[in-house]
1. For the Cα atoms of the chain, what angle does the longest principal axis make with the long axis of helix 3-34, in degrees from 0 to 90, nearest 10?
2. Pairing the Cα long axis of helix 54-64 with the longest principal axis of the chain, what angle in degrees results, from 0 to 90 and rounded to the nearest 10?
3. With just the Cα atoms defining each centre, how far is the range 55-96 from the range 1-16? Give it in Å.
4. Using a Förster radius of 22 Å, what is the FRET efficiency between residue 47 and residue 6 based on their Cβ-Cβ separation? Nearest 0.05, please.
5. Pull out the extension gain between residue 74 and residue 16, defined as 0.36 nm times the separation in residues minus the alpha carbon to alpha carbon distance; nm, one decimal.
6. Helix-only mean residue ellipticity at 222 nm, the chain, DSSP H runs n ≥ 4 weighted -39,500 (n - 2.57), per residue, nearest 500. What is it?
7. What value in Å³ per residue do you get for the convex hull of the alpha-carbon atoms in the chain?
8. Using Cα atoms only, what is the angle between the long axis of helix 71-95 and the major principal axis of the chain, expressed in degrees (0 to 90) to the nearest 10?
């Protein structure tokens, strides 16, 4: 396996992991909210989203109906996802 193939595989594994992490964190935060327990800070949710978890964040919002009344999430997560998709498209066209 060549170095570019290893890098591509590592990037895909990273993106899958960060998206799954944010998706399940959204679910956990929804559960904590229902039980009136200490919540996951919004800063943590946005940090995971900015680190590449845009798809997991948007899917988590939809699947768990969580943070759907907060404009900064309803607008912010999809915008971050679009920026991540644009970056990935640019990288793919530039280096593949």
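1. Roughly 0 degrees between the two axes.
2. The angle comes out at about 30 degrees.
3. The range 55-96 and the range 1-16 have Cα centres spaced 21 Å from each other.
4. After rounding to 0.05, the efficiency reads 0.25.
5. Extending this stretch completely gives an extra 18.7 nm.
6. -26500 deg cm²/dmol
7. That works out to 92 Å³ per residue.
8. Relative to the chain, helix 71-95 is tipped by roughly 10 degrees.
Only the coordinates and a few stated rules stand behind these numbers; no lab work does. In this text, all values refer to a predicted model and were calculated from it rather than measured experimentally. We place every Cβ from the backbone using ideal geometry, glycine too, and count neighbours over all the protein chains shown.
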